[in-house]
Amino acid sequence: MEPAGAYGAGKAGGVSFDPVAFFTHPRTVLRLLSWVFSMVVFSCIVNEGYINIGSERLLCVFNNNADACNYGVTVGVACFLGSIFFLILDIYFPSMSNVKDRRRAVLLDLIFSGLASFLWFVGFCFLANQWQMTSPDELPLAQGSDAARATIAFCFFSILTWAVLTLSALRRFLTGSNANLFTWQHLDQAPSNARATPYPIANGATIVTTNPYQAPPFTETLDPQKLTQQRPMAPAF
């Protein structure tokens, strides 16, 4: 779990943004890599993933299977936008003062990252299989070959980055309730000048609290004179 001040310092709801700390954070680096990989995948398919052979109809370089190209573009665009969304969410995460909102944010990150990792795995297998089935006769002058190989390679890289993001989100979610991920800086500390309120109990000891609204631990009505006699006197210096 990341330290409470990973992205800045201050109270929840008023955290100052530190660009250096944010962009050097490992999770931010992974999100930026995922963003770049997604952009490479769908841009390669859109720009060079279709060819026309003696006709105006465009054919997908992956075994002339339009579903393969559509799948790559769809997943690439979705993860491209998702990376931007979670980068923005990471910026605002330390300033969230509501515990439930923080928990939902981590859970959403976990679900999306796990789904993206699975979709990239399926896409890698699907595109690699279709590319293996593509004959050289279908690609005159090796049109789109480099783009197809780049698409498959960056699909594989995307599996790794999103899998690590999934593990990171899972770790944050599991440890958040046991540590301070969902609670740090949500409860203001008691003011240093708060007046200590003693609560005497039956055996003569005294419980001291800084919360003026806290009820005594017992509801029994005690004799004030007896309490005065039982309370130890402070030594005089």
Review point. Consider L115 against the criteria (1) open to solvent by 50 Å² or more (accessible area, probe 1.4 Å); (2) touching a residue at least 40 places away in the same chain (Cβ under 8 Å): it satisfies all of them except one. Which criterion is unmet?
Key: (2)
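Yes/no per residue for (1) more than 31 Å from the chain's Cα centre (by Cα); (2) at positive phi; (3) at pLDDT below 75; (4) acidic (D, E):
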site	(1), (2), (3), (4)
A116	no, no, no, no
L119	no, no, no, no
V122	no, no, no, no
F126	no, no, no, no
D146	yes, no, no, yes
F156	no, no, no, no
A179	no, no, yes, no
Q189	no, no, yes, no
Revision key, fill the gap. Condition set surrounded by 15 or more Cβ atoms within 10 Å (Cβ to Cβ), in a helix (DSSP H, G or I) and hydrophobic (A, V, I, L, M, F, W, C), scope the stretch 1-32, selection modelled with the lowest pLDDT: answer is F22
**Study point:** Within the stretch 52-85, considering residues that are surrounded by 17 or more Cβ atoms within 10 Å (Cβ to Cβ) and in contact with a strand residue (DSSP E or B) (Cβ under 8 Å, 6 or more places away or on another chain), the one farthest from L127 (Cα to Cα)
**Key:** L59
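The values are calculated or read from the model by the stated rules, or taken from the named source; none is laboratory data. Keep in mind it's a predicted model, so treat the numbers as computed, not measured. Glycine also receives a Cβ, built like all others from the backbone with ideal geometry; neighbour counts cover every protein chain displayed. The protein model used for the area step is the full one, side chains on, heavy atoms only, and it has no ligands, DNA or RNA in it. Shrake-Rupley method; radii C 1.70, N 1.55, O 1.52, S 1.80 Å.
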